[in-house]
Number of protein chains: 2
Amino acid sequence: MDKIFRVNMTDLTCKVEEVPAEFATLGGRALTSTIVAAEVPPSCHALGPNNKLVFAPGQLSGTPAANSGRMSAGAKSPLTGTIKESNSGGTTAQQFAKMGIKAMIIEGLPKEDKWYRLHVTMDGVTFEDASELVGKQNFDVIEAMNEKFDKKIGVMTIGIPGENRLASANISVKDPDQKIRSHGRGGLGAVMGSKKIKAITVDATGAGKVAIADPEKFRAAAKVFAKGMLDHPVTGEGLPTYGTNVLINILNEAGGLPTKNFKYGTCEHHDKVSGETMHDTIAGRPNGHTKHGCHAGCIIQCSQVYTDDKGEYITSGFEYETVWGLGINCLIEDLDDCARIDNAMDNIGIDSIEGAVLLAVAMEAGVLPWGDGKEALRIMNEEIGKCTPLGRILGNGTGSVGKAFGLTRVPVVKNQGIPAYDPRSVKGIGITYATTTQGADHTAGYTIATNILKVGGFVDPLSKEGQVELSRNLQIATTAVDSTGMCIFVAFPALDIPEVLPALVDMLAARFGVEMSVDDFVALGTRILKMEKEWNTKAGFTNEDDRLPEFFELEPIPPHNAVWDFTPEEIDELWNF
Amino acid sequence: MDKIFRVNMTDLTCKVEEVPAEFATLGGRALTSTIVAAEVPPSCHALGPNNKLVFAPGQLSGTPAANSGRMSAGAKSPLTGTIKESNSGGTTAQQFAKMGIKAMIIEGLPKEDKWYRLHVTMDGVTFEDASELVGKQNFDVIEAMNEKFDKKIGVMTIGIPGENRLASANISVKDPDQKIRSHGRGGLGAVMGSKKIKAITVDATGAGKVAIADPEKFRAAAKVFAKGMLDHPVTGEGLPTYGTNVLINILNEAGGLPTKNFKYGTCEHHDKVSGETMHDTIAGRPNGHTKHGCHAGCIIQCSQVYTDDKGEYITSGFEYETVWGLGINCLIEDLDDCARIDNAMDNIGIDSIEGAVLLAVAMEAGVLPWGDGKEALRIMNEEIGKCTPLGRILGNGTGSVGKAFGLTRVPVVKNQGIPAYDPRSVKGIGITYATTTQGADHTAGYTIATNILKVGGFVDPLSKEGQVELSRNLQIATTAVDSTGMCIFVAFPALDIPEVLPALVDMLAARFGVEMSVDDFVALGTRILKMEKEWNTKAGFTNEDDRLPEFFELEPIPPHNAVWDFTPEEIDELWNF
């Protein structure tokens, strides 16, 4: 029988609660957002006693469904002030699901100035002294926990920036390979830090299988679904071969590859850090792996193990957005440097998108020279990692850097850094950045699929036409997908191969033993998205917050010399449904 | 004939424009807010090309009316994001008025990375190279200008924090005594810095008298008005004797003196920094003056010249809010230390309220020990004054410090520091902080008059009853007073002595040769206040921004153990008129 763990940090108790009937078929983002919307006062301080940190595995996590192993974390974001859902691979989603933990809700702040490790078992949560872990970065925490328990222990941890409640701090999750995946965006690591939780360990001893109401229907649907994933050129070929970094050359070709803090839309040295170059680099080195999964059951394998020329591990989970941010937007041409910075961000525990975007703004401010990868690495480890004054400015995110240095070219929406796709020359993604409930976030409505990759049809990236509808439909669908525990890439086959989305819905129906149609799936996405929007409105957000920074309107970006030219009324049409 | 100087920093031109008929009787805040509301897009970046910096002397500035020498500066605030009016004494209001400059509107940003001094004469504005002034703090700029011209030259200047566009940077104005007055609140110095204007010099050669349409009526009214000021116990006795710092003991007695970053409502050592102690200290030292005016024609003389025991100048314009912030809220018990820090803030050019409030938050963060005046002085000069990374965190204001260190006890509304009166135990001022168009600002609707000083009646500070109406009426009246060029203290006699407000209105009518009633005066205040509110709404502010920080609701303050207990609906009633 599934249950909810309600952890109170003020009186250090854990209540094991029954799952309310209305939560029975929910999971992932649908569940974290429902709980946050119901229980967190929109006006509360994100680091204060009234915020709550909620973890929920996806609806299909722990089942044999391919790519379903993602965990959602939700809270009020200290970075954006909005509701936040950030999901991650790793091992804890599947552990929670198999342990029957529908959600873990962490509330309150400790009375004493003391750090804790939450230890999660089938029976509940205990509060362990974490004084020996405090002051350690993530890889050391994971190593210490592996030694204390064994390699099967699930670990979620924050680095020193998280302890110091910096708004780019993420929650890092151990993956099946003892490396790190992240609840990256929105500073949820700072929320964990505010509650004085250094780490969460998960001992899944005694866990069973996830109950599936109609196993036969499930198996049939799972097969169709997996076949669709393998058949689609993006998930079956592009991502497995080159990783997400396949996009560098594609975006450069489209003139939508933001370069030198969003000054240009193409980059001369793009091929030095492209997916193709990365593939060949990894393949040519000892111990390098061009394929790697962020969780058990992943059949895309878009991650990698990136080693140096002696075969020493440098990083994994080295995503397009990070490579873009460092290699293109900061002009760091050496891919090894970029990989080392990526690893440093994993280790200190900051969002690698925010970290890369803020570095370019710091370069514009003159904090470090353009393209200086060695200094960028030092800044990560010695400034942000140690929370010096400069490190605090940077570690609080792109908006913080812009304010500290009085700059106007600061790519943020709702104070969250804008990632790897220029909104002037790929206009659909600009609508997503502006309007999503999450602050600038490409994954919230990934129009790149249709604007650039011609998945799900084609909407001209340079024209305003059709972008609002495209973004809206993708935001709704994404909200539903983020609830399943699936990685967002399932959208590619779902958009192009007719049987994939029905198969996903059939898995959900079979898992919970309910009737469910594609319309019901879309309706859930719609309902949750509107719930998030309503919560944000109560927190004080208005249409005026659904805007891109002024400089996108004022500065044309080469080569298309495109500007951001949507009127406020056109943008606001997104929420008219 | 009055005119408007329109200064364009992009093409380095000054247009001399006729005054539109609808501006004829406006001045001060009414005029700056009207121009900002009409010309500045609410969504623009405060440091970008679309913000404008507007100066306008008061309606009565330059006339013989007592206490009328204040200049308003207006813009979109980089600190609060709201519309902002900040007024200051000094010499430039009277110079502008006598030169017939109704307003100076500064727009655009320079194309080149070059600093300017605007030189204002009767003929217009010229653009002078300011490379020799850049990197100097304010007193050195004033000295350099006095040497270049003579002591009659009007000077408005920014220090290094203003050059670096820090959001607590003020615009400093030379006063008749060659000391400094400030357009303090809201970071207008950063706007001036964004436009690369290091200083504005005003050569009033050729200026005449301000035209008065009905001189006889004016003289008669001015006499009644001045008598009222001298007759009232606050403006005629309390302020002239002890300065604004008379309030330390009064607020301590009322339990509304925020102590140790708003932890307590009384302070054991209050008398060490009280107005009475300050009076005796100044009076007992060589060259000390207990009376001093911020502009020619002031008959209150609430300023002072504060010297050390050898008679060397330390500071002047040493206001209650600054003494409170340093001496009580930061626990710096040595009044000389406080005076030196006040002088440092004048010199580097940051708002001395914001500077004092943020220091207490920095002490809470552990940046420096509680009560350490020497270290606070060093931080002002060496960190904020030199814009080090720590200095940027601090110099960007109280909210910035709170975010950098991940704190929840951060006293701001709309990101502006809450001054010297605790909103839990003096509830009327809490309504003003929450609702004013300007971000937390006691002067915007100074309910202390009626809550504490029993001026204009009495409204119990500990009860919610009557506070919203009190704050609303005062906010309306203040908007009108801020337009006259009068200092806000004229409100004390105006509230208690029946003939004072009609006399003020008669002066306005006689100045402009129009019919004007007290109702018309109030109507102007109402119209401008609503205009500001409407602009803020277009900038994205909602009722949810009209809230005090959560900790005022959660933490009772001794000795009354009062909490902030207004409901959102009760607060929002303020704007129902």
> With charges set only on the Cβ (+1 for Lys and Arg, -1 for Asp and Glu), what does the dipole of the range B:443-577 come to about its Cα centre, in debye to the nearest 20?
Replying inline: 480
> Taking 0.36 nm per intervening residue step and subtracting the Cα-Cα distance, what contour gain separates A:I299 from A:N8 on full extension?
Replying inline: 101.0 nm
>> Counting other beta carbons within 10 Å of each residue's own, what order do B:I429, B:I476 fall into, fewest first?
In response: B:I476, B:I429
>> How much of the DSSP bridge set in the range A:3-202 is antiparallel, in percent, rounded to the nearest 5?
In response: 75
>> Between the range B:286-314 and the range B:434-466, what is the separation of their alpha carbon centroids in Å?
In response: 29
>> Taking loop as defined by DSSP and a crowding limit of 15 other beta carbons within 10 Å, which GluC sites (Glu not before Pro) in the range A:249-295 fit?
In response: A:E268
>> Under the rule a/c < 1.5 gives rounded, and otherwise a/b versus b/c splits prolate from oblate, where does chain A land using the Cα gyration tensor?
In response: rounded
> What trypsin sites (Lys or Arg not before Pro) does the range A:394-463 have in DSSP loop regions with at most 15 other beta carbons within 10 Å?
Replying inline: A:K454
> Counting only residues 5 or more places away or on other chains, whose amide H sits under 5 Å from the amide H of B:D175 once H atoms are built in the peptide plane?
Replying inline: B:I180, B:R181
> Per residue of B:229-236, what is the mean number of Cβ atoms on other protein chains within 10 angstrom of that residue's Cβ?
Replying inline: 0
>> Past 25 Å, Cα to Cα: identify those pairs from A:K151/A:K217; B:K174/B:K291; A:K260/B:K84; B:K102/B:K148; A:K111/B:K263; A:K52/A:K533, in the order given.
In response: A:K151/A:K217; A:K260/B:K84; B:K102/B:K148
> Along the charge dipole of chain B, Cβ charges K/R +1 and D/E -1, which of B:G513, B:F55, B:I106 sits furthest on the positive end?
Replying inline: B:I106
>> Please list, by residue number, every one of the GluC sites (Glu not before Pro) in the range A:99-147 that is coil in DSSP and has at most 10 other beta-carbon atoms within 10 Å.
In response: A:E112
>> Taking 35 Å as R0, compute the FRET efficiency from the Cβ-Cβ separation of B:S131 and B:E534 and round it to 0.05.
In response: 0.25
> What average number of partner chain Cβ atoms lie no more than 10 Å from the Cβ of the residues making up B:400-413?
Replying inline: 6
> Taking the Cα centre of the protein assembly as shown as the origin, how large is its charge dipole in debye, to the nearest 20, when only Lys and Arg (+1) and Asp and Glu (-1) carry charge on their Cβ atoms?
Replying inline: 260
>> Measuring nothing but label to label, 7 Å from Cα along Cα→Cβ, what are B:D565's distances to the other copies in nm, shortest first?
In response: 5.9
> Can you give the helix-only mean residue ellipticity at 222 nm for chain B, where every DSSP H stretch with n ≥ 4 adds -39500 (n - 2.57) and the sum goes over all residues, rounded to the nearest 500 deg cm²/dmol?
Replying inline: -10500 deg cm²/dmol
> About its Cα centre, how strong a charge dipole does the range B:291-361 have in debye, to the nearest 20, once Lys and Arg get +1 and Asp and Glu get -1 at the Cβ?
Replying inline: 240
> Is the range B:3-202 rounded, prolate or oblate when judged by the Cα gyration tensor, a ≥ b ≥ c being the square roots of its eigenvalues, rounded requiring a/c under 1.5 and prolate requiring a/b larger than b/c?
Replying inline: rounded
> Which FRET efficiency value, to the nearest 0.05, is calculated for A:E570 and A:D309 with the Förster distance at 41 angstrom and r the Cβ-Cβ distance?
Replying inline: 0.20
> Considering only A:G265, A:A365, A:I282, whose Cα is most displaced toward the positive end of the charge dipole of the range A:257-420, charges sitting on Cβ of Lys, Arg (+1) and Asp, Glu (-1)?
Replying inline: A:A365
>> Using Cβ counts within 10 Å as a stand-in for footprinting exposure, how do A:M516, A:M71, A:M192 rank, fewest first?
In response: A:M516, A:M192, A:M71
> Under a point spin-label approximation (7 Å from Cα along Cα-to-Cβ), what is the A:R378-A:A24 distance to one decimal in nm?
Replying inline: 6.1
>> So, R0 is 45 Å and r is the distance between the beta-carbons of A:V514 and A:H269; what FRET efficiency does that work out to, to 0.05?
In response: 0.30
> What ranking do B:T25, B:T13 get, fewest neighbouring Cβ atoms within 10 angstrom at the top?
Replying inline: B:T13, B:T25
> Which shape class, rounded, prolate or oblate, goes with the range B:391-436 when its Cα gyration tensor gives a ≥ b ≥ c as root eigenvalues, a/c under 1.5 marks rounded, and past that a/b bigger than b/c marks prolate?
Replying inline: prolate
>> Placing +1 on the Cβ of each Lys and Arg and -1 on the Cβ of each Asp and Glu in the protein assembly as shown, which of A:N415, B:T157, A:S33 has its Cα farthest towards the positive end of the resulting dipole?
In response: B:T157
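Every number in this text was worked out from the coordinates using simple rules, so none of it is lab data. The model shown is predicted, which means the values in this text are computed figures rather than measured ones. Backbone-built Cβ (ideal geometry, glycine too); neighbour counts: all protein chains shown.
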